[in-house]
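The values are calculated or read from the model by the stated rules, or taken from the named source; none is laboratory data. Because the structure is a prediction, the values reported are computed rather than measured. Cβ: placed from backbone, ideal geometry, glycine included. Neighbour counts: every protein chain shown.
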Amino acid sequence: MLIFYPVSKAFHTDRPVIRTYELPIMRILIFLLAASFLSPTYAEPTIEDYGALPEIQNMAISPNGELVAYRNVSGDRDFIVVFSFKEDAAVAALDVSLIKPRDVFFVNNEQVLLRAAEYRRVRGFRGRFDVSTLFSLDIDSGKVKQLLVPGDGVVYPGQTGLGRVVGDSPNGKHLFMPAFYGVPTLVMGEYAKPVYSLLRVPLGPGKARRVELGRSSTIDYFVDDSGEAIVMEEFDETQNLHSIRALQQDGWQEIYRSEGRLRDRGFVGLTPDRKHLVVLDTSAYTGRTAYSTLSLSSGDISDPLYDRDDADIARVVVDTQRVVQGLQYSGVMPTYKFFDEAVDRKVREIQAVFPEHSVRIVDHSPDWKHIIVLMEGSQSSGEYYLFSEGSEPEFIGAQRPNIPPEEVNPVGTVTFSARDGLRIPTIITVPRERVTDLTNLPAVIMPHGGPVSYDEIGFDYRAQALASKGYLVIMPQFRGSSGLGSRHRTAGYGEWGRKMQDDLSDAVRFFDEQGIIDPDRVCIVGGSYGGYAALAGGAFSPELYKCVVSINGIGNLERFRDWVREQTGRSSEELAYWEMQIGRDHYSPEDARARSPELAADDFAAPVLLIHSKSDEIVPISQSRRMYRALERAGKKVELLELDGDDHYLSFGDTRTQALKATVRFIEENL
């Protein structure tokens, strides 16, 4: 059964009232930044419009609900803007074109925090690193401070992840941030890095100082409402030992221990009384990711307290102290459960305003009187709304003003059975001019990355761009995908190039049997794991596809595994994860080679486009370069596009657009 998610008539009728509400933030941005948020006469969106980063992103609201902050990106312009509802004016605007923050949030009403990541070299260390860091913007003075700087004082230079925050002080003037702190020490003739410690970091003037000394295996901290560490999480990769230590009256005591190369439980936050850790684990009852608690006094783990049989817990909603306030569940559209019944009811009422659309909670004030949501779906390319207690909902910005609702292609779902009977939920994006004529469409199979992830109803820029050119985009949630329970997820272990690939082939056959697609006009496109799946489709089922596009994909499983081992060490959890993904219970180099598209280059029939970021730190560009040479030697039609300065996720607008234009051009040439 094919299910579409159009906007209901009631919402369509009400929507112009919300869209034409002229919030002052629109007027001031037009004045300051020449941004166009009003409703001009729209031209048909271009590929550049689809490939561009969202103009408005990372929306945040201050604790008192009087300020909003967000990133505004358009062309060469990249600003953080802070707007005051009370003053009806922008009170700060910061050029962040060099910082390029990926997260924006408040911890008090005076300062905005910007979390950024930069892929760069670190003095004294080989290679390049994704170095995250945190900046504080003082709204009144406009001054910006980098909170932790590698190599500054005794902040160890050779580390990543310096943007993590585990709590803040009661007055909102300090953050508690973990970092490797100190100088290397000589141990048995070799220098060892400092241990992972907890630092008290001032948002204003002053230096960070250590408040808790960790151990060599410490990986995380949880703090009380004053910032004192009360829990340490540890994982010793050399001993395969995962443990939790809690601060008790007689000092630090181990309350949890588990052995294995991979951690089997996730400790994600504290209960409001701070007497328990919140645990996410696979339920023995439903096979879904469920919510349990670990007692900090006894070490006892409860039975699942929140355990749905139709959805996994995708994430927890926490406050600045990592106290868990609610849950977000998996599904084609997010759903929520909050422990405060008033908040839970309020969120349900907000979602009811936008029926059959994905409504994501973006930010909220601590008292939940002000909530910002992002709405997207079959008639929205992404719009932010503010819900304040006692007020009507207010439209506050469109992510993609050049792609109005009438230009968004409808998104639907369908579920089919794979050849072994496994049910495969699938999201499709339909060319809007063909909604009433779903026959004989050219199609693009687009497997997601991960592979442990899943697709949702929303605005997928690549799918929307392809649908705008007349292609039906098919996104199967193949075995190995998350969000569908542990059986579906673990069914993909060891099945790269086998049953996972069969699920994609079966999608082509299903839509062909329904008469929806033209089987002679099908391409496969994917990024990351999806890039591997695209290449595997070209190598192992060449009769199905007329073209193949791999973006930051893997061509040689054995070489990729060896690269991970070289980067992370023989005992690393990351290496164990990839060996499990590729080999399930036993990794075999011979088996990995048998499922490597690079080594099956002679079997390709369709032309191949390889796109890869030179700065990709997740899948090295050597994977695509070797794939290119193998196909070229085999006499196959192949192109390689190397992207300068971007990462694995195509986080920058120019290169993302470059990749999208090349993809669309290549598909049009071959279909």
Any pair with Cβ under 6 angstrom, 6 or more apart, that starts in region 150-169 at a residue that is farther than 12 Å from Phe180 by Cβ and ends at one that is among the β-branched types (Val, Ile, Thr): Gly163/Thr133; Val166/Val223; Gly167/Val223; Asp168/Val107; Asp168/Thr320
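Quick one: how many residues across region 507-546 are assigned to a helix (DSSP H, G or I) and among the basic types (Lys, Arg)?
Number of matching residues: 1.
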Residues being surrounded by 20 or more Cβ atoms within 10 Å (Cβ to Cβ), of a type in the set (D, E, K, R) and within 25 Å of the chain's Cα centre (by Cα) - total across region 569-611: 1
Criterion violated by Val359 - all others in (1) surrounded by 23 or more Cβ atoms within 10 Å (Cβ to Cβ); (2) within 30 Å of Pro45 (Cα to Cα) satisfied: (1)
The one condition in (1) buried (at least 16 other Cβ atoms within 10 Å of the Cβ); (2) out of contact with any helix residue (DSSP H, G or I) (no Cβ under 8 Å at 6 or more places or on another chain); (3) under 21 Å from Gly172 (Cα atoms); (4) touching a residue at least 24 places away in the same chain (Cβ under 8 Å) that Ser84 fails to fulfil: (4)
Wholly enclosed strands (runs of 3 or more DSSP E) of region 103-212 bearing at least 2 residues farther than 25 Å from Leu67 by Cβ and modelled with pLDDT of 90 or more: 174-180, 196-202, 209-212
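Condition check ((1) touching a residue at least 12 places away in the same chain (Cβ under 8 Å); (2) in a loop (DSSP other than H, G, I, E, B); (3) of a type in the set (Gly, Ala, Ser)) across all residues:
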| position | (1), (2), (3) |
| --- | --- |
| Thr293 | yes, no, no |
| Ala311 | yes, yes, yes |
| Val317 | yes, no, no |
| Gly326 | yes, no, yes |
Residue within region 289-296 that is within 30 Å of Ala60 (Cα to Cα), within 20 Å of the chain's Cα centre (by Cα) and buried (at least 17 other Cβ atoms within 10 Å of the Cβ) present: yes
Residue pairs meeting the criteria (Cβ under 8 Å; at least 6 apart or on separate chains; first without any contact (Cβ under 8 Å) to a residue 40 or more places away in the chain, in region 258-274; second part of a loop (DSSP other than H, G, I, E, B) and surrounded by 14 or more Cβ atoms within 10 Å (Cβ to Cβ)): Ser258/Arg265; Glu259/Asn240; Gly260/Asn240
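Yes or no, residue by residue, for (1) part of a loop (DSSP other than H, G, I, E, B); (2) modelled with pLDDT under 85; (3) not aromatic (Phe, Trp, Tyr):
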site	(1), (2), (3)
Thr13	no, yes, yes
Ile18	no, yes, yes
Ile28	no, yes, yes
Ala35	yes, yes, yes
Thr41	yes, yes, yes
Asn72	no, no, yes
Val82	no, no, yes
So Ser588, is it within 20 Å of Leu504 (Cβ to Cβ) and among the hydroxyl-bearing types (Ser, Thr, Tyr): no
Checklist (1) within 23 Å of the chain's Cα centre (by Cα); (2) assigned to a strand (DSSP E or B); (3) farther than 17 Å from Leu631 by Cα; (4) of a type outside the set (S, T, N, Q) applied to Val549, failing item: (3)
Subset of region 57-70 (residues that are out of contact with any Phe, Trp or Tyr (no Cβ under 7 Å at 6 or more places or on another chain) and either free of Cβ contacts under 8 Å to residues at least 24 places away in the same chain or part of a loop (DSSP other than H, G, I, E, B) (or both)): Asn64, Gly65
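Among the residues of region 236-265, what is the count of those that are basic (Lys, Arg), assigned to a strand (DSSP E or B) and out of contact with any Phe, Trp or Tyr (no Cβ under 6 Å at 6 or more places or on another chain)?
Residues flagged as basic (Lys, Arg), assigned to a strand (DSSP E or B) and out of contact with any Phe, Trp or Tyr (no Cβ under 6 Å at 6 or more places or on another chain) within region 236-265 amount to 1.
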Qualifying residue in region 342-352 (condition: farther than 26 Å from Glu394 by Cβ, of a type in the set (Lys, Arg) and either at pLDDT 95 or above or touching a Cys at 6+ places or on another chain (Cβ under 7 Å) (or both)): no
Candidates Pro304, Pro355 - the one that is at pLDDT 95 or above and in a loop (DSSP other than H, G, I, E, B): Pro304
Residue in region 512-543 that is surrounded by the most Cβ atoms within 10 Å (Cβ to Cβ), counting only those that are closer than 14 Å to Met446 by Cα and hydrophobic (A, V, I, L, M, F, W, C): Ala533
Every residue from region 610-630 that is touching a Pro at 6+ places or on another chain (Cβ under 9 Å) and not in a strand (DSSP E or B): Met627, Ala630
Filter result for Arg423 (under 25 Å from Met500 (Cβ atoms) and touching a residue at least 60 places away in the same chain (Cβ under 8 Å)): no
Output for region 623-655, where each listed residue is surrounded by fewer than 21 Cβ atoms within 10 Å (Cβ to Cβ) and touching a residue at least 60 places away in the same chain (Cβ under 8 Å): Arg626, Asp647, His648, Ser651, Phe652, Gly653
Selection within region 638-670 - part of a helix (DSSP H, G or I) and over 24 Å from Ala539 (Cβ atoms): Gly653, Asp654, Thr655, Arg656, Thr657, Gln658, Leu660, Lys661
Meets criteria (in contact with a strand residue (DSSP E or B) (Cβ under 9 Å, 6 or more places away or on another chain) and under 18 Å from Gly531 (Cα atoms)) for Asn556: no
